[in-house]
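The values are calculated or read from the model by the stated rules, or taken from the named source; none is laboratory data. Computed from a prediction, not measured in an experiment: that's the story for all the values here. Methodologically, a virtual Cβ is constructed for each residue, glycine included, from the backbone with ideal geometry; neighbour enumeration extends over all protein chains shown.
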């Protein structure tokens, strides 16, 4: 199974919660990713491109492969920090 997702990675749950509330009010995901995300994908608005099951850490994949697509989920804690994750598609 493959999927495509974008995410915003930050250091603290509080920061993730603040960004999530902006997204809930209609803020642009890509703009916030470029501004706040610590991941190199920030340059592309948080876009991670397409990947397969097993490519990402389990907590991240649980969201991408099991939760509703085109909805922002999180904060999701991994060893990298706190993610806000939006799955674009699964195939």
- prompt: Do we find a residue being surrounded by 19 or more Cβ atoms within 10 Å (Cβ to Cβ), at pLDDT 95 or above, in a loop (DSSP other than H, G, I, E, B) and more than 9 Å from the chain's Cα centre (by Cα) anywhere in segment 61-82?
  reply: no
query: Quick one: would you say residue 30 is more than 13 Å from residue 86 (Cα to Cα) and modelled with pLDDT of 95 or more?
result: no
- request: Restrict the check to segment 21-31 and report whether at least one residue is in a loop (DSSP other than H, G, I, E, B) and in contact with a strand residue (DSSP E or B) (Cβ under 7 Å, 6 or more places away or on another chain).
  value: no
field: Failed item, numbered, when residue 55 is tested on (1) in contact (Cβ under 8 Å) with a residue 40 or more places away in the chain; (2) assigned to a loop (DSSP other than H, G, I, E, B)
entry: (1)
Residue among 5, 16, 42 that is surrounded by 13 or more Cβ atoms within 10 Å (Cβ to Cβ), under 13 Å from the mean Cα position of the chain (by Cα) and in a strand (DSSP E or B): 5
